[in-house]
Amino acid sequence: MIQIYCGDGKGKTTAALGLAVRAAGSGMHVRFVQFLKGGHTSELNILSGIPEISVMRCQKNYGFTFRMNDLEKTEITNDHNRMLREILSQIYAGSIQMLILDEFFSAYHSHLLDKELANRLVFTCPDQIELVLTGRNPEQKFMDIADYISEIKAVKHPYQKGISARLGIEY
């Protein structure tokens, strides 16, 4: 089955993390892939202690996409494509039961990955793998194939008051 967590609200990654922990708690092997993220985030402290969950992310923190220069965009695209190729080689081995592609839609929409490779991964993912996609503004083709779609809407957020991201809450 395919699940999508999308929208402009806080909680897409958090929902996917909760699902990963639930799946691992039942013995499922989870591959948690984070696009656009390379710096340390607090969830890594816990996930590294759960043997059923393996995390893959960028080799470095590139920051926000709107602040990236052309070289950084090329580097992050190469990182993302490396991850896509690695996942494609693993999904048919049978060792992954849940695959989470966090911030997939953001990387896809920003042209920071090979869309053909990404489409191949999503549209040919074996049925026995629970595929979870997160991010803003999923294209209709992804929504059409999804079994679950949860839209998280921002109603109010501390950022609107100038409050920066907080350790343990937003990262």
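The values are calculated or read from the model by the stated rules, or taken from the named source; none is laboratory data. Computed from a predicted model, the values in this text were never measured in an experiment. We place every Cβ from the backbone using ideal geometry, glycine too, and count neighbours over all the protein chains shown.
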Just to be sure I understand, how many residues within segment 117-171 are assigned to a loop (DSSP other than H, G, I, E, B) and at negative phi? 24
Leading residue by the ranking (surrounded by the most Cβ atoms within 10 Å (Cβ to Cβ)) among those in segment 7-33 that are touching a strand residue (DSSP E or B) at 6+ places or on another chain (Cβ under 9 Å), closer than 11 Å to Glu52 by Cα and small (Gly, Ala, Ser): Ala20
In this structure, does Leu131 turn out to be crowded, with 17+ Cβ neighbours inside 10 Å and modelled with pLDDT of 95 or more? yes
When every residue in segment 57-82 that is under 15 Å from the mean Cα position of the chain (by Cα) and within 26 Å of Glu151 (Cα to Cα) is compared, the one modelled with the lowest pLDDT is Cys58
Being β-branched (Val, Ile, Thr) and touching a residue at least 24 places away in the same chain (Cβ under 8 Å) is the filter; apply it to segment 137-164 and report the residue that is nearest to Thr124 (Cα to Cα). Ile145
Under 6 Å between Cβ atoms, which residue pairs at least 6 apart in sequence (or on different chains) link something in segment 15-29 that is at positive phi and touching a residue at least 12 places away in the same chain (Cβ under 8 Å) with a partner that is surrounded by fewer than 16 Cβ atoms within 10 Å (Cβ to Cβ) and not in a helix (DSSP H, G or I)? none
Here are some conditions: (1) surrounded by 21 or more Cβ atoms within 10 Å (Cβ to Cβ); (2) closer than 22 Å to Ile145 by Cβ. Ile91 meets all but one. Which one does it not meet? (1)
Residues that are farther than 15 Å from Tyr171 by Cα, of a type outside the set (A, V, I, L, M) and not in a loop (DSSP other than H, G, I, E, B), drawn from segment 38-65: Ser54, Thr65
